[in-house]
1. Determine if segment 431-441 includes at least one residue that is among the charged types (D, E, K, R) and more than 43 Å from the chain's Cα centre (by Cα).
2. Please verify whether ASP102 is in the same structural domain as GLU71 (by TED's automatic domain parsing), acidic (Asp, Glu) and over 42 Å from the mean Cα position of the chain (by Cα), treating the condition exactly as stated.
3. Considering only residues that are free of Cβ contacts under 8 Å to residues at least 60 places away in the same chain and small (Gly, Ala, Ser), which ones fall in segment 121-161?
4. Within segment 550-582, can you find the residues that are of a type in the set (A, V, I, L, M) and without any contact (Cβ under 8 Å) to a residue 24 or more places away in the chain?
5. Is there a residue in segment 812-830 that is closer than 30 Å to ASN380 by Cβ and part of a loop (DSSP other than H, G, I, E, B)?
6. In segment 87-97, what count of residues is obtained for those that are buried (at least 19 other Cβ atoms within 10 Å of the Cβ) and either in a strand (DSSP E or B) or not hydrophobic (A, V, I, L, M, F, W, C) (or both)?
7. Among the numbered conditions (1) modelled with pLDDT under 90; (2) buried (at least 17 other Cβ atoms within 10 Å of the Cβ); (3) within 55 Å of the chain's Cα centre (by Cα), tell me where ALA813 comes up short.
Amino acid sequence: MKSNQRGIKEILGVYEPKHRVTMHKSKKQWVAKGLLFGTLLLAGSAVQATSVQGESWTPNTVEQISSRITEGQKSIKMIEGDTVYNIGLAINIKDPMQLLFDNGFSEGDQYTMAVGTEISWDGNHVTVKDPSGKVIGDKVVSNDAKHNPNAPVAGQTSDTPAKSVKTDSKGNVVTNINTGGNNGTSVKPKEEGTTQTKPGVKPEGNGNGEKPKPTDPTKPVKPVDPTNLEKDETLKKLEVELKKEQTELEALQTELEKLKADLASTQQENQDKIAALELKIANLEEQLASMTGRSSSSEIEAAQAAADQADNKKAEIEIPLANKQAEKAQLEERMIQIQSKLDTLQSEGAPEENAEQWQQSVEECQVQLAEFSMMIEKLNQEIIGLEAELATAQAEYDAALAHLNELENQETPMTVEELEAAIKEANKELEEVKAQAEAKEKELQTQIDALEVKVAEQEKKVADLEAKISDLKGEESPAAALKKRQDYAKNEIANMEFLPGEAKSTYTYMVEHATTVLEVDHILDEARDLNQKCQEGQIIDAIKRAQFNAKREIAVMETITAEERSYFNWLIDEADSVEEVETRLEHMWELENNQKGSVTTPEEVFEKIKLNAMKEIDEMTNMPEHQREMFKKEVSEAKTLEEVDLALGEAGYINSGMASVELRQAKEDAQDELAIMDMLTKEEYSVFSNRIDRATSLDEVEKIMVEAYKIEAERILEQAKNDAREYILSLSNFDYNHPEYSKEELLDIRLATCKTLEEVEMEIKYAEEINEFQNPHRPATTGDKDNAINNILGYRYLSEQECAEYEVKIESAELMGEIFELQREMVQISSERINAAYDEINQAFVDGKITEQEREDYIWYVDHGYTLEALNLQMESFREDIADR
């Protein structure tokens, strides 16, 4: 059976990937300049790669480096072609340079590491030595510093070192060598001619508990060369000067960027002004050419005034109506509470010891119920009247608005002479704006040109100083290091197997124009990431192809049931590699052949696949019969699966093309609609556009657009909410005056419940009404005064005389601010009186004159006295009770 499956694989031509996916480091803080690869990931591997001129040096791959590490091996030496990055991938360390940074090495030194450098490991204890055997890095690697935190370093069985070590806070290994005050921690390599051991200090031990052996007398320290001191002094001066010049360069570059931003802003502003004037002129010229009948501006102004008046009238009714309805609801709630209290009193009956008090409470409840019933009845009549007034006002407003819209839809009334004069004036203004724009832009450009010269001069100063410092240090110059890294990067990019040729060409161009080694590294990282994604794409395509071919074979199996066929297809869909698809398909064929009692040969499978393909062609009814027969003949004569697919694919393309007039139009319409969706990102637009291009049915196009519209609508709604929030909070008089939430908190809650733009608009309108109503400088209308007077009853603990006095004050108020101040006074008076009653009752409880239950009862009676008279009666009764005791 195994040999049979190999034959099937040969017929099917299954692609077997030869390369594993590798992960590359990505520097998130870098942003590529000028690279647009939105569609590059879809590019085919058939694009001809662009050759890159560079050194013949080729980096050793991770696989090549890994092959040099055998089981149990404890070290590896760098050879020609090794890179620090690939060694890190081979031994599971993200950035091996981190082992060296605390010993004087820095970013960029990885490109000059000498051949012969040795990396050794004992568990996660990793040591790096230079070719001379000097330790230049000694550190314990944490899980965070590994590519795979769950795997040991260098493929060992464990990360636990055979020999335990001590580390400092950074993971550096701390040795036990005592060098006269040095704590033993690895330190930065010293310059030649110096020593880390002070003369005359005798070591007290070797760190392993053994007694120290006698040593030779310490040799005197070699005298320091005065030339080196002079060289160090010069180096320090140059570094100070370099820092100063770099600071100056940064300041110049910042100033240059600001000027460029100012120029861009000015250009955009000027373009907007010019475009607006040109549009104005075009509209005037169009009116001049048509000269149709028009309404006068005075008619429109009168209609606008009528609409505004009707709207104001409607608002003046809506606010008191809402207040009346709220007042009615409050009274009804109070009646329910009083009725409940009365029911409780009547059901319990009069207590023998306090029958008089019980009778008084019952009568008070009955009186209050009667009063509230009368008040509610009065409110009902007022509400009915206000609702009728509102209906009339709404009809007047609708009529006024319709008339205004009718007039505004007509063209503005102007004579021929007026139009010609307006066009002349607009043209004059246009020329002035253009002249001013040109002068301003020229002035800014002159400043930019002069500053760019200064920046170039300053960059040269910095480069010269860097070169001098490099010469003194004996280091490779930045220019030489950059050239070396560019050649390395171009060579690696040229050898990226899965990267399309266009991408190679673009990345190579970017590398050649990079100005720093770090920038080259960023570009190379991005190229590696894209190469990996292309590789992953090819592997995924291979898996899909294998799954498709496997399902073809399942379709021709004769003995399996429909349920088994469905299950087999599901198993194939769940496979995540070509090998797994083949293994599962092999087991399915074993079941098929066992049930059938004979082996199905690859040739028989192929013939059955061709028969199924011909059946598919028979169902392509959009094609004429002679074309279907032609394609069926091609399938019948096919010798390979590729030939079957070619004929079947061409037939399907022609069949769909003959029925795709509507589909093509739907795609064009969808692309047009997609293009005006401003809230989609470039990446989202590209994805949706590509999906539309690949759609094969109207339903699929519609589903794609539903997804796009959903994203667009959600973001438009969110933007509208943010804009509404900013606008509403800018209203000077806006406040919900909620007892628990701030205006910001309550606004966020209300906006969060908005599901449509219309609801957001309603929220804005509601806030504007609140803002206008609470404007203290707004003249108080008759409706405002009536509403405020009616609300006096809500301030429970004012006397009748006080209510009458405040009614007079409200009637005489001219501005809403005066009414608001009067309302605050009434609230304060009412609150002070009820709070004084609470305090008196609570003090009696504190003094031990009443029990906790009595305190609660007295407070309940006070709460349910809805007038000052009732409150005073309750408190007099309370004081008498206390006095009797």
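1. Initial filter on segment 431-441 (among the charged types (D, E, K, R)): 431-432, 434, 438, 440-441.
Then keep just the ones that are more than 43 Å from the chain's Cα centre (by Cα); that gives 431-432.
Scanning segment 431-441, I find at least one residue that is among the charged types (D, E, K, R) and more than 43 Å from the chain's Cα centre (by Cα), so the answer is yes.
2. no
3. GLY123, SER132, GLY133, GLY137, SER142, ALA145, ALA151, SER158
4. Hits for segment 550-582 are ALA562, LEU571.
5. yes
6. Of the residues in segment 87-97, 3 are buried (at least 19 other Cβ atoms within 10 Å of the Cβ) and either in a strand (DSSP E or B) or not hydrophobic (A, V, I, L, M, F, W, C) (or both).
7. All conditions are met except number (1).
Residue by residue, here is whether (1) β-branched (Val, Ile, Thr); (2) at negative phi; (3) without any contact (Cβ under 8 Å) to a residue 60 or more places away in the chain holds:
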| residue | (1), (2), (3) |
| --- | --- |
| LEU465 | no, yes, no |
| LEU472 | no, yes, no |
| SER477 | no, yes, yes |
| ALA480 | no, yes, yes |
| LYS484 | no, yes, no |
| ASP487 | no, yes, no |
| ILE493 | yes, yes, no |
| GLU497 | no, yes, no |
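The values are calculated or read from the model by the stated rules, or taken from the named source; none is laboratory data. Given the structure is predicted, the values throughout are model-derived calculations rather than measurements. All Cβ positions, glycine included, derive from the backbone under ideal geometry; neighbour counts span all protein chains shown.
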